[in-house]
Amino acid sequence: MSATIHFSSDSNYGTITQALRKDEPNSTNQILLHVTKCKWLDVVSKKASLKAKMTTMDDDSVCRDVVIKLTFNDSSFLDMQSEANFYRDSLAPYYGKGVPTFYGYYEGECYSSWHEETLRCTFLVLEWCGERIKPFNMLERDFRRKLIELAVKMHREWNIDHRDLRHYNVVDKDGAPFIIDFEHSKGGHRCPPFEIDVLKSENSWFPLPTALLRKEMSGLLDDVEWWLPTTFQWRGYTRRYEYITSIEDIMHLRRSPGSVKISEERLYAGAYEIWKTVELRWEEFQPGKPGPPVTFKTYEEYAAAQRGRKM
């Protein structure tokens, strides 16, 4: 099987012709790839991510949106081949279920006007599954939960350890998370039993480290802010939310010797911002207790109330 990549006319790269498929060398079908969007990740390291339309010589009426993951860097060829093998050997049963479909690993040559030479290249052809997502802590709650469900399934059912599960390796396909970039991943992973039910633990207190024995899962849950925030910074110290039952509790916390002295008015403004978090999540921080006390929005009201109590 071979592939031909046509770049746009303003590209610094000539057509890649007759690139040979290495993961299925006996296949006779040929594919044509017309690049529609080119994002050069790093010209110096000679790596690129290309969005393209894919057709086949057998049936040009079938057109698919794909991603071409391409490198001209000899030192990256082994990583590319390793990722191709992982798609073929470990991910094939899960194509379309949270990972993109793999359409082949190819090797070829391409003339680069930028480098003024013909470069050897390798590339993967993968299903286009959408754009990369925003940082984890900016995700909508529904998408965040779908991502955690997928990550748990990948660890517990598929026995796969991704090893680089960051927001830049997750894309959004019509509201569903898809995980990409498996060049460092390992199959045959046996995830120890979790001591907690991850999917039922949303908005609970952060568990003991031993409850999540996999660093990747623990890091992901922390990054998406799955747990209740347990602490906040105040006047040079780390404080725990669970001990705060009024804004006075915050105002009366002592200052560390090295923290900057500020006016009572500015202090109250900072305390009020922290209190809004406590107030918003009162039932979670103080389960079973009556609702949060009424709090003054301005320092003037607070100071007047404090003076009234002393009279």
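The values are calculated or read from the model by the stated rules, or taken from the named source; none is laboratory data. Bear in mind the structure is a predicted one, so any value in this text is a computation, not a measurement. Don't worry about glycine lacking a Cβ; one is built from the backbone with ideal geometry, like all the others, and counts go over all protein chains shown.
Screening Arg145 with (1) assigned by TED's automatic domain parsing to the domain that holds Ser218; (2) in a strand (DSSP E or B) gives one miss only, at (2).
Summed over segment 215-264, residues that are part of a helix (DSSP H, G or I) and charged (D, E, K, R) total 8.
Within segment 108-128, being buried (at least 17 other Cβ atoms within 10 Å of the Cβ) and out of contact with any Asp or Glu (no Cβ under 6 Å at 6 or more places or on another chain) holds for Gly108, Cys110, Ser112, Leu119, Cys121, Phe123, Leu124, Val125, Leu126, Glu127.
Looking only at residues in segment 16-49 that are in a loop (DSSP other than H, G, I, E, B) and surrounded by 14 or more Cβ atoms within 10 Å (Cβ to Cβ), the one that is modelled with the highest pLDDT is Lys22. Got at least one residue in segment 265-277 being part of a loop (DSSP other than H, G, I, E, B) and either at pLDDT 75 or above or more than 30 Å from Lys297 (Cβ to Cβ) (or both)? For segment 265-277, residues part of a loop (DSSP other than H, G, I, E, B) and either at pLDDT 75 or above or more than 30 Å from Lys297 (Cβ to Cβ) (or both): absent. Consider segment 289-304. How many of its residues are more than 13 Å from Ala269 (Cβ to Cβ) and surrounded by 13 or more Cβ atoms within 10 Å (Cβ to Cβ)? Number satisfying all stated conditions: 1. State whether the residues of segment 56-67 include one that is outside any loop (DSSP other than H, G, I, E, B) and within 20 Å of the chain's Cα centre (by Cα). Yes, because at least one residue in segment 56-67 is outside any loop (DSSP other than H, G, I, E, B) and within 20 Å of the chain's Cα centre (by Cα).
Do we have Glu149 as among the charged types (D, E, K, R), farther than 26 Å from Asn29 by Cα and without any contact (Cβ under 8 Å) to a residue 12 or more places away in the chain here?
no
Of the residues that sit in segment 167-207 and are polar (S, T, N, Q) and either surrounded by fewer than 17 Cβ atoms within 10 Å (Cβ to Cβ) or modelled with pLDDT of 70 or more (or both), which one is farthest from the chain's Cα centre (by Cα)?
Ser204
For Phe86, the test of being aromatic (Phe, Trp, Tyr) and assigned to a helix (DSSP H, G or I) is passed. For the subset of segment 111-149 comprising residues that are of a type in the set (A, V, I, L, M, F, W, C) and in contact with a His (Cβ under 8 Å, 6 or more places away or on another chain), which member is modelled with the highest pLDDT? Result: Ile133.
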